[in-house]
Each structure stands twice: as structure tokens, then as C-alpha cells.
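Report on the following structure.
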Amino acid sequence: MTEYLLLLGADQFLREHAYAGGKAIGDFQIWTAIQNAKYKYNAYFDFCIDANPLSYEEIKKEIAYYQIQGYEPKSIVPLNDWTLEVANQLNRDYGLPYLEPKVIKACRNKHIMKSLFEKANIPTAKSIQFNDATELKECIKEFTFPVIIKPMDFGGSDGVYLANNEKECMDAYRKSKQIMETYADTFHVSKNKFLIEIFIDSDDEVSVEVLCGHHFYEVITVTE
């Protein structure tokens with residue numbers, strides 16, 4: 001059997017750098033998944049399977065087909081938050097390292113994530129989940145401006161807005177809701193769940209990159 005790493009989301013701009021990372025860790029072919037790959041084939045990779053990277057069923061069908069041809073996945077690696085759940089489920093199916101589904105859900109759902117932070121006594125910005133404009137008006141009473149309005153489970157900072165007063169808050173919600181109505185079905189996320197949270201006024205912002213596995217986690221780097 002020829003082993004390969006299947007990188008989901010690697011067809012996104014700049015994600016192709018993951019190809020070099022995959023090559024550096026072992027003698028594997030590096031594959032990715034692209035919908036309509038026959039016409040959108042990315043020659044940067046060793047191979048592109050014809051599947052939507054967000055579709056568990058399509059990818060599993062392709063993996064099964066190529067197993068018959070003598071190719072075996074070494075790991076299915078998600079390169080963005082939208083592919084986390086699909087990759088995790090596929091790794092579990094093929095007996096590869098995976099995380100518990102509740103961990104993946106906590107990575108995607110900002111409300112659950114913040115609740116877990118609070119239980120672990122990790123400082124986090126106060127936030128309240130709301131589902132519509134009426135609920136938002138009630139939530140506003142619990143905050144001092146400025147605040148942030150954001151989708152509960154989207155990524156890439158899309159739909160995230162700063163609001164300095166109630167009018168801006170309602171306008172921000174409408175804009176965020178419009179974005180989610182446009183993209184929610186494509187990325188399999190909620191159209192109606194949002195957060196209002198305290199704005200943290202700081203000149204510094206960092207991203208902590210963490211490698212997580214079964215019963216272990218390790219900080220790789222902190223990026224400014």
C-alpha cells in the first residue's frame with residue numbers, strides 16, 4: 001500500500017504551504033480534496049481527489065475507491081475550522097488518531113468554548129449568546145460599549161463587527177446575519193446564533209498555535 005496524507009482545505013490561498021510540511025515529516029504522497037477536481041486540479045499536490053472537502057460522504061467514497069487501487073490514508077489533516085469535523089470523523093473511521101467529537105464541537109462553537117474557559121478559570125471576555133434582534137436588545141443592557149458582535153461558529157473573522165452604541169450594535173447584527181445567510185449552508189454552520197461580547201482594547205493580538213492529540217497537547221508557537 002502507498003500511504004498518503006490527505007490535507008482538507010489545502011486548496012485555500014496560502015494553505016498550500018502545508019504540502020511542504022507534509023513532505024518534511026515522512027515519505028508520503030500529499031493529497032488534497034477539491035470539488036470538481038477534473039477541471040480545478042491543483043498540480044501543486046501529488047494528487048487531488050474529486051470531492052467537496054466539507055463532505056464526509058464524498059471523501060469517504062473517494063478514499064474507499066483509491067484503497068482498492070492500493071492507496072491508504074496515513075492521516076486526514078484539517079487545515080481550517082470548517083474541515084475539523086469531517087477530518088476527525090474520517091480519522092476515527094480508519095483507525096487513525098482523532099479527538100472526541102465534543103472537543104471538535106468546542107473548537108467550533110464559541111459559546112461552548114468560552115463556557116469551558118470559565119470552568120477552567122481561564123480569563124475570557126464576557127459574552128452572551130443571542131438568536132434574534134429582540135434577544136440582542138435585552139443582552140445590550142448587560143454590557144458597556146463598545147462591544148463586539150460575531151457569529152457563534154463561523155471563522156476567518158467574517159461577520160465580526162465593533163459597535164459603539166445600540167444603533168451600531170443592531171446594524172452590526174444585521175450585517176453579520178446577512179453574511180451568515182449567504183455562507184452558512186456552504187460551510188455547515190448556524191445562521192441564527194450570535195454572540196455579543198466585551199471589546200478588549202489592546203494594541204497586541206497573538207495567536208497560540210497548539211498541537212492536540214489523544215491525551216496530549218503541546219504549544220508549538222505564539223504568533224503576533
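Only residues that are open to solvent by 80 Å² or more (accessible area, probe 1.4 Å) and part of a loop (DSSP other than H, G, I, E, B): list them for region 182-191, please.
H188
Which condition breaks for S157 when tested against (1) over 19 Å from M180 (Cβ atoms); (2) outside any helix (DSSP H, G or I); (3) at pLDDT below 95; (4) not acidic (D, E)?
S157 satisfies every listed condition except (1).
Does any residue of region 145-159 turn out to be touching a Pro at 6+ places or on another chain (Cβ under 9 Å) and either open to solvent by less than 60 Å² (accessible area, probe 1.4 Å) or of a type in the set (D, E) (or both)?
Within region 145-159, one or more residues are touching a Pro at 6+ places or on another chain (Cβ under 9 Å) and either open to solvent by less than 60 Å² (accessible area, probe 1.4 Å) or of a type in the set (D, E) (or both).
Please list, ordered by first then second residue, the pairs with beta carbon atoms under 7 Å, 6 or more apart or interchain, first in region 125-152 and touching a residue at least 60 places away in the same chain (Cβ under 8 Å), second open to solvent by 60 Å² or more (accessible area, probe 1.4 Å) and of a type outside the set (D, E).
A125/I198; A125/I200; K126/I198; Q129/H111; Q129/K193; N131/N192; N131/K193
In region 132-164, what residues are polar (S, T, N, Q) and either within 17 Å of R108 (Cα to Cα) or under 20 Å from the mean Cα position of the chain (by Cα) (or both)?
S157
Would you say N91 is out of contact with any His (no Cβ under 9 Å at 6 or more places or on another chain), modelled with pLDDT of 95 or more, polar (S, T, N, Q) and open to solvent by less than 30 Å² (accessible area, probe 1.4 Å)?
yes
Does region 125-132 include one or more residues that are surrounded by 14 or more Cβ atoms within 10 Å (Cβ to Cβ), part of a helix (DSSP H, G or I) and of a type in the set (V, I, T)?
no
Please work out which residue is nearest to L211 (Cα to Cα), limiting yourself to region 104-117 and to residues that are in a helix (DSSP H, G or I) and open to solvent by less than 60 Å² (accessible area, probe 1.4 Å).
Selected residue: I104.
Does I196 meet the test of being closer than 28 Å to T221 by Cα, buried (at least 19 other Cβ atoms within 10 Å of the Cβ) and more than 19 Å from the chain's Cα centre (by Cα)?
It is false that I196 is closer than 28 Å to T221 by Cα, buried (at least 19 other Cβ atoms within 10 Å of the Cβ) and more than 19 Å from the chain's Cα centre (by Cα).
The values are calculated or read from the model by the stated rules, or taken from the named source; none is laboratory data. Model, not experiment: these values are computed from the prediction. Positions of Cβ are generated from backbone atoms using ideal geometry, with glycine treated the same way; all protein chains shown enter the neighbour counts. Accessible surface is based on the protein model in full, side chains and every heavy atom, while ligands, DNA and RNA are left aside. Shrake-Rupley method; radii C 1.70, N 1.55, O 1.52, S 1.80 Å.
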